[in-house]
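What follows is one structure encoded as structure tokens, with my remarks underneath.
The values are calculated or read from the model by the stated rules, or taken from the named source; none is laboratory data. All values derive from a computational prediction rather than experimental measurement. Here the Cβ positions follow ideal geometry from the backbone for every residue, glycine too, while neighbour counts run over all protein chains shown.
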Amino acid sequence: MTRSHFGTVRELPSGKFQARYLDANGRRHTAGTFAKARDAKSALAKIEAGIDRGDWIDPDAGSQTFADYIEAYLETKSADLQPTTMSGYRSSLKHLLPTFGHLRLKAITQLTVEQWWARMARAKVGTQVRRNAYTLLSGAMRAAVRWDMIRTSPCAIENGFRDGSTPRPYLSVEQYLSIVERMPEGYRVMFWLMLGAHLRLGELVGLEVGDFDPKEGKLTIQRQASPQRGGVELRETKTRKVRTIEVLEPALSMLRDHVASRAALPKTPLFTGRYGRISRSALRENWNRARAAAGLPWAHMHDVRHTGLTLVAAYATLAETMHRGGHTSANAALRYQHAAQDRDSTVARAAGAELSSMVKAG
């Protein structure tokens, strides 16, 4: 047996040479079997250099199958993800497991991933569905790199993260009014607040009386109501950010009247129904009936938030739009900067009128 400052080389009965070494935790590994002793020593030298550089990977790591690993990965994410996001990840697994489930992590290569991507395209799987599955796969493999299970991620598909969804039609203010005026009186203030404070559905349901300051006209959005079996769970907002914004008129006046009409403690739900806190299903049912009556069956509730933020974006900076919408990335807020044609005309007229007044004053 030959021993050097790193590892050992021993001659086997076959006449070949086996290179072995200990890792930082004292576990023994085999670097391979070679025809010549100098080749075994060369292999040890490469491993030692990798350890010195900090890019050595335990050869036993990455032996776990993707099917087992992805469950462990999702478990680490479960505390941070919304139930709807986790449900979406679970749905994406049906597109990943047939190809990757039986493979060991270290056996998944860029070629494997790109062949899967191509097969999905040939099978005419929707672009957005492919993107969602690839997003899960890529995130899981990046985590495997962080956890020293593989050296590099095999996910390097060009434009793999490109949003393939069809842009939603823009719900104009006139169309919004046509829907809201067909709702029962008690629901109108809720949908006006969704517009005037740019609320997600869960944020609207999660509001409490103490979140609104009638004197300042400001609303604090600090939680959302997520559906759970047997009721709802109050959680952090989607982006885990608390924001306080001034409510747009006429939603502000309507909200002030709503709060003034009832005596309630700060922790009382701001909007209530037959069984306590207003439910997402009740809001959805009333929206669906009203949009059908207005002849706008394509209009989604989330379009109301989009309409409100598009109105604001015509006058606000990107940072201001991000704040009002509770966004954590500029990309999320940029979609509201698109300005539908009617908003562009409004902005042009307002800016032109101001410019004209300045010219006349000069």
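Quick check on this structure: which one of 247, 242, 259, 205 is farther than 30 Å from residue 87 by Cβ and under 30 Å from the mean Cα position of the chain (by Cα)? Explain how you work it out, then say what you get.
Details: 242 fails: farther than 30 Å from residue 87 by Cβ; 259 fails: under 30 Å from the mean Cα position of the chain (by Cα); 205 fails: farther than 30 Å from residue 87 by Cβ.
Of the residues listed, the single one that is farther than 30 Å from residue 87 by Cβ and under 30 Å from the mean Cα position of the chain (by Cα) is 247.
For the range 214-239, which positions are among the basic types (Lys, Arg) and more than 22 Å from the chain's Cα centre (by Cα)?
Scanning the range 214-239 gives 215, 218, 229.
Taking only the range 235-287 into account, find how many residues are among the small types (Gly, Ala, Ser) and outside any loop (DSSP other than H, G, I, E, B).
7
Looking at the range 280-290, is at least one residue more than 23 Å from residue 208 (Cβ to Cβ), modelled with pLDDT of 85 or more and either outside the structural domain of residue 181 (by TED's automatic domain parsing) or under 23 Å from the mean Cα position of the chain (by Cα) (or both)?
So far as the range 280-290 goes, no, none of its residues is more than 23 Å from residue 208 (Cβ to Cβ), modelled with pLDDT of 85 or more and either outside the structural domain of residue 181 (by TED's automatic domain parsing) or under 23 Å from the mean Cα position of the chain (by Cα) (or both).
Please go through the range 232-264 and give me each residue that is farther than 16 Å from residue 195 by Cβ and of a type in the set (A, V, I, L, M), ordered by number.
232, 234, 242, 259, 260, 263, 264
May I ask you to say which residue of 281, 253, 226 is closer than 26 Å to residue 172 by Cβ and among the hydroxyl-bearing types (Ser, Thr, Tyr)?
Of the residues listed, the single one that is closer than 26 Å to residue 172 by Cβ and among the hydroxyl-bearing types (Ser, Thr, Tyr) is 253.
Of 71, 48, 114, which residue is assigned by TED's automatic domain parsing to the domain that holds residue 6 and either surrounded by 14 or more Cβ atoms within 10 Å (Cβ to Cβ) or assigned to a helix (DSSP H, G or I) (or both)?
That would be 48, the only listed residue that is assigned by TED's automatic domain parsing to the domain that holds residue 6 and either surrounded by 14 or more Cβ atoms within 10 Å (Cβ to Cβ) or assigned to a helix (DSSP H, G or I) (or both).
In the range 76-108, what residues are modelled with pLDDT of 90 or more, exposed (fewer than 13 other Cβ atoms within 10 Å of the Cβ) and more than 22 Å from residue 127 (Cα to Cα)?
102
Does residue 135 satisfy the condition of being farther than 30 Å from residue 292 by Cα and assigned to a helix (DSSP H, G or I)?
Details: farther than 30 Å from residue 292 by Cα: yes; assigned to a helix (DSSP H, G or I): yes.
When the stated conditions are applied, residue 135 passes them.
Please find, among 142, 131, the residue that is surrounded by 13 or more Cβ atoms within 10 Å (Cβ to Cβ) and in contact with a Cys (Cβ under 9 Å, 6 or more places away or on another chain).
One residue alone meets the criteria, 142.
Under the condition of being charged (D, E, K, R) and surrounded by 13 or more Cβ atoms within 10 Å (Cβ to Cβ), which residue from the range 243-264 is farthest from residue 277 (Cα to Cα)? So that I can check it myself, show each step before the final result.
As a first pass, look at the range 243-264 and keep what is charged (D, E, K, R): 243, 246, 249, 256-257, 262.
From the residues that got through so far, the ones that are surrounded by 13 or more Cβ atoms within 10 Å (Cβ to Cβ) too are 243, 246, 256.
Details: 243: 22, 246: 23, 256: 19 Å.
Residue satisfying both the conditions and the ranking: 246.
Is it the case, given these coordinates, that residue 203 is touching a Pro at 6+ places or on another chain (Cβ under 8 Å) and either at pLDDT 95 or above or closer than 18 Å to residue 267 by Cβ (or both)?
no
For the range 93-108, what are the residues that are over 16 Å from residue 134 (Cα atoms) and either in a helix (DSSP H, G or I) or among the aromatic types (Phe, Trp, Tyr) (or both)?
Correct list: 106, 107.
Of the residues 208, 246, which single one is of a type in the set (Asp, Glu) and over 24 Å from residue 329 (Cβ atoms)?
208
One residue is enough: does the range 156-164 have a residue meeting the conditions surrounded by 15 or more Cβ atoms within 10 Å (Cβ to Cβ), within 26 Å of the chain's Cα centre (by Cα) and farther than 21 Å from residue 304 by Cα?
Checking the range 156-164: at least one residue is surrounded by 15 or more Cβ atoms within 10 Å (Cβ to Cβ), within 26 Å of the chain's Cα centre (by Cα) and farther than 21 Å from residue 304 by Cα.
If you go through the range 296-309 one residue at a time, do you hit one that is among the acidic types (Asp, Glu), modelled with pLDDT of 65 or more and touching a Leu at 6+ places or on another chain (Cβ under 6 Å)? Step through it out loud before you land on a result.
Residues of the range 296-309 that are among the acidic types (Asp, Glu), as a first pass: 303.
Now restrict to residues that are modelled with pLDDT of 65 or more: 303.
Restricting the remaining residues to those that are touching a Leu at 6+ places or on another chain (Cβ under 6 Å) gives 303.
For the range 296-309, residues among the acidic types (Asp, Glu), modelled with pLDDT of 65 or more and touching a Leu at 6+ places or on another chain (Cβ under 6 Å): present.
Would you confirm whether any residue within the range 250-271 is assigned by TED's automatic domain parsing to the domain that holds residue 186, farther than 17 Å from residue 219 by Cβ and touching a residue at least 24 places away in the same chain (Cβ under 8 Å)?
yes
Does residue 187 meet the test of being over 25 Å from the mean Cα position of the chain (by Cα), surrounded by 13 or more Cβ atoms within 10 Å (Cβ to Cβ) and farther than 17 Å from residue 92 by Cβ?
Considered against the rule, which asks whether it is over 25 Å from the mean Cα position of the chain (by Cα), surrounded by 13 or more Cβ atoms within 10 Å (Cβ to Cβ) and farther than 17 Å from residue 92 by Cβ, residue 187 comes out as yes.
Looking at 179, 157, 150, which one is assigned to a loop (DSSP other than H, G, I, E, B), in contact (Cβ under 8 Å) with a residue 60 or more places away in the chain and either assigned by TED's automatic domain parsing to the domain that holds residue 81 or β-branched (Val, Ile, Thr) (or both)?
The match here is 150.
Filter the range 51-68 down to residues that are in a helix (DSSP H, G or I) and at pLDDT 85 or above and give me whichever is surrounded by the fewest Cβ atoms within 10 Å (Cβ to Cβ).
Here is the first cut: in the range 51-68, the residues in a helix (DSSP H, G or I) are 51-53, 66-68.
Next, from what is left, pick out any that are at pLDDT 85 or above: 66-68.
On the way: 66: 23, 67: 14, 68: 12.
Checking each candidate, the answer is 68.
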